[in-house]
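What follows is one structure encoded as structure tokens, with my remarks underneath.
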Amino acid sequence: MSGKAYSGAEIIINSLVDLGVEVIFGYPGGAVLPLYDALFAQDKIRHILVRHEQAAVHAAEGYARSTGKVGVVLVTSGPGATNAVTGLTDAMLDSIPIICITGQVPVHLIGSDAFQEADTVGITRHCTKHNYLVKDVDKLSRIVHEAFYVATSGRPGPVVIDVPKDIQIFTSTNIHSGAIKHRSYRPEVKGDISAIKEAVEILAGAKKPIFYSGGGVINSGPAAAQLLREFVRLTGAPITSTLMGLGAYPASDKQFLGMLGMHGTYEANHAMHDCDVMVCVGARFDDRVTGRLEAFSPNSKKIHIDIDRSSINKTVRVDVPIVGDVAHVLEDMLKLWKAAILEKGQQSYADWWAEIDKWRERDCLRYAKTKDTIMPQYALERLQALTKDKDVYFTTEVGQHQMWAAQYLKLEDPNRFMTSGGLGTMGYGFPAAIGVQIAHPNALVIDVAGEASIQMNIQELGTAMQYGLPVKIFILNNEYMGMVRQWQEMNHGARYSQSYSESLPDFVALAKAYGAHGITVDRPADLDGAIREMMETDGLVIVDCRVEKLANCFPMVPSGAAHNEMILPDEEEIKEFEGGAALV
Amino acid sequence: MHHTHKEIELAERHTLSIIVDNEAGVLARVIGLFSGRGYNIEHLTVAPVDLQGTESRITVVTIGTPPVIEQIKAQLDRLVPVHRVGDLTESGPHVERELALIKIHCKGEQQQAALRIAEAFRAKIVDSSFESYIFEVTGKTDKIKAFIRLMEDVGLVEAVRTGVAALTRGAQAL
Ligand SMILES: Cc1ncc(C[n+]2csc(CCOP(=O)(O)OP(=O)(O)O)c2C)c(N)n1
Ligand SMILES: [Mg+2]
């Protein structure tokens, strides 16, 4: 093919445009100057300049998770790439499609410890789905297309393309077009129909079934969430969700038992423990979910739908594995269910629901209301109540506030809750909110934060202000790394080693320093007013919501405990489980 | 990785054959997966096997409980440049061979003994000086180990092994 010759930098930008990319989150440096030059010369792709490369990746994650599109990142070599590593690892563990283009020193300098050289493909090998070092400009166009295909197909994930500076300058006429057919990577989306049949039969015979859904439903796309809703309603069975899956099934629906796992609801965990058939839909039996493995749902037949074969039988052995995309598999299941089961008249599960209702009566999310101090749970209940009719997206940081957000924000739709589940990255929420706001400029985007986590990417106030992003940062300020403090209370004799948030900034003054608006609130009576003020203020707002300092996050399945050994808020005694202190 | 007593008891030895795209870094990906996830590698061989050099075959001998072996295969299969993963131990009869070079230093009676043993093991002499030999021996891992053990008594200097190469029996490819 001898068409027009383009520089490597142009090839990258043109390929991104061809692939439908509208936004790049990035930060310049020596090794990507040709790329920034190519960006300068075009107006199809918008570049969002962050203040730290970690934030670029989290912003891209927020963008991706709230839209279903790919998040694209551009950073320089060496420190630019190493700063991105936390974000890449986060995207890897939560299966978020990210393309991260990193600059590299010129090919002839690789391996010489050149200025700002780092072995980026070596460093990111374990925290990406795949990575490329481009040494031939003729292959560049094909690699960009292939990287997109790998990032978005199968189980999504981050892909790094490391591009030496000279490759960005060299020219080539080789331009890839059309679909990618990879030599070795060809993920399957359709599930094995005989396994699906078997699953439907087992489910039809259940007396105590439960659906357990996860982030895979959201990754699969809106059709998957619709099919899940239809199928679950048709069966009349209860459903619980992981942190990553929240919103796929509406929280207000009576069949929804709330989140399961370490800080899941009493009813969800007991139902998981006592069920006779479990249908795991796009979730991976994570240790936060299962509790003590030997005691995990001991008497159930387990059906597991997952696009990643390596997720199956990884920690929990299942009876019917179905490898495939959630939407495809649910579609087949639904068809079979309608054809074979509905006709015969299905079970009503009345006894099972009676048991579940007993667990529900424990009202496990109840907490003691106070007059003088704001309980963090109350703050989230009010935030939920006052925003529920808005076009609202939530992100979170990591800690107690994150778990409370998962418990008290009643999520009705998928792609509306962005949180760092697998890696648990403090500092995720604010940049993720920036990415969400870029994708949804008119939506209300709220980062539910802790006073410690927010400081991990607080520099992004600059980014949000530069692009006029009206992100709302709602800090549940308990003056502690609350989750750490809670574990110290439970497992380490209440020795609060290094978990007090000393020397906090004046968040209102901080907001002001960046030209944003700040609000402090510390009395329950003023809370609604503060939330309203936050919503009514145009532009970025930080709410410093001073909450009860020593509140603990319950219910809780302590590390090393089983689902039916939960601690409820009103149970004073905090049991230590054998080996609990050694577990994470 | 932490192994319970039971896990050690149930551990099996499996020979895996992995066909990969012969691209830069592919071996690092495969090995990195083993170290990153705490799997064992007993043997590892790798070389391109087609004339164009576009595909390589990696043979790994690993030890783990059946669920761990299943995980290893699934994880390998997930790597983008991996075409196929075969479990020769599971798929039936197969041939396994290693090659070793063994250098010994000896004189007189020791020398005679060494040559007798070498003959019994069908080892070839590929280098010799007045007081030294290098033997080349091929066979199953047990045979190679036995040969090296015997050579220790007659003046072993150093030894090198290629690790296991293996193919299934019969006409079928992996
Ligand atoms: C980058 C990072 N470092 C350390 C931790 C460990 N960690 C988990 S929660 C937490 C405390 C978070 O404190 P804060 O943001 O105030 O939230 P709170 O628990 O008080 O709601 C820490 C330190 C982490 N998750 N991420
Ligand atoms: Mg805190």
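Quick rundown of the values:
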{"item": "Inter-chain shielding of B:32-41 (mean C-beta neighbours from other protein chains, 10 Å cut-off)", "result": "1"}
{"item": "Cα convex hull of the protein assembly as shown - mean projected area over all directions, nm²", "result": "39.0 nm²"}
{"item": "Cβ neighbours within 10 Å from other chains - mean over A:124-132", "result": "3"}
{"item": "Lysine pair count for the stretch A:376-553 [Cα-Cα under 26 Å; pairs on different chains or 8 or more apart]", "result": "9"}
{"item": "Net charge over other residues, Cβ less than 9 angstrom from the Cβ of residue B:82 (K, R count +1; D, E count -1)", "result": "+1"}
{"item": "For the stretch A:376-553: relative contact order, % (alpha-carbon pairs under 8 angstrom, 6 or more apart)", "result": "23 percent"}
{"item": "Sorted peptide list for A:227-235, B:135-143, A:420-428, criterion being average Cβ within 10 angstrom, highest first", "result": "A:420-428, A:227-235, B:135-143"}
{"item": "Average partner coverage of B:74-81, which counts Cβ from other chains inside 10 Å", "result": "6"}
{"item": "Value of relative contact order over the stretch A:193-361, rounded to a whole percent, pairs C-alpha under 8 Å and six or more apart", "result": "28 percent"}
{"item": "Residues in the stretch A:176-196 occluded by at least 50 Å² - accessible area, probe radius 1.4 Å, against chain by itself", "result": "A:183, A:184"}
{"item": "Value at 222 nm in deg cm²/dmol, rounded to 500, when DSSP H runs of n ≥ 4 in chain B each add -39,500 (n - 2.57)", "result": "-10500 deg cm²/dmol"}
{"item": "Where the Cα pairs of the stretch B:12-87 fall when distances are cut into 10 Å bins, in %", "result": "20, 59, 19, 2"}
{"item": "Charge tally in the Cβ shell below 12 Å around residue A:141, where Lys, Arg are +1 and Asp, Glu are -1, residue A:141 excluded", "result": "-3"}
{"item": "Anisotropy class of the stretch A:6-172 from Cα gyration tensor, a/c 1.5 cut", "result": "rounded"}
{"item": "Among beta bridges that DSSP assigns inside the stretch A:376-553, antiparallel share in %, nearest 5", "result": "5 percent"}
{"item": "Shape call, the stretch A:245-327: gyration tensor on alpha carbons, a/c limit 1.5", "result": "oblate"}
{"item": "Antiparallel bridges, percent of DSSP beta bridges restricted to the protein assembly as shown (to nearest 5)", "result": "40 percent"}
{"item": "Antiparallel DSSP beta bridges within the stretch A:6-172, as percent of all bridges there, nearest 5", "result": "10 percent"}
{"item": "Cα centroid separation - the stretch A:164-231 against the stretch B:11-77, whole Å", "result": "25 Å"}
{"item": "Prolate/oblate/rounded label for the stretch B:94-168 (Cα gyration tensor, a/c 1.5)", "result": "prolate"}
{"item": "Chains A and B together, accessible area buried on both sides, 1.4 angstrom probe, square angstrom", "result": "1600 Å²"}
{"item": "Within straight-line cross-link reach of residue A:302, aspartates and glutamates at Cα separation under 13 Å, skipping those fewer than 8 residues along the same chain", "result": "A:198, A:201, A:274, A:276, A:319"}
{"item": "Of B:115, B:51, B:76, the one that fluctuates the most in a GNM where chain B has Cα springs shorter than 10 Å", "result": "B:51"}
{"item": "Ratio of the Cα radius of gyration of the stretch A:193-361 to 2.2 N^0.38 Å, where N counts its residues", "result": "0.92"}
{"item": "For the stretch B:25-174, Kirkwood radius (reciprocal of mean inverse C-alpha pair distance, Å)", "result": "17.5 Å"}
{"item": "Estimated 222 nm signal from helices in chain A, with DSSP H stretches of n ≥ 4 weighted -39500 (n - 2.57), rounded to 500", "result": "-10500 deg cm²/dmol"}
{"item": "Built amide H within the under 5 Å cut-off of residue A:275, gap 5+", "result": "none"}
{"item": "0 to 90° range, to nearest 10: angle between helix B:26-36 axis and chain B longest Cα axis", "result": "80 degrees"}
{"item": "Highest average packing first - B:116-123, A:130-137, Cβ atoms within 10 Å", "result": "A:130-137, B:116-123"}
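The values are calculated or read from the model by the stated rules, or taken from the named source; none is laboratory data. As the structure is a computational prediction, the values presented were derived from the model and not from experiment. Quick reminder, even Gly has a Cβ in these numbers, built from the backbone with ideal geometry, and neighbours come from all protein chains shown. Heads up: the accessible areas ignore ligands, DNA and RNA and are worked out on the full protein's heavy atoms, side chains in. Shrake-Rupley method; radii C 1.70, N 1.55, O 1.52, S 1.80 Å.
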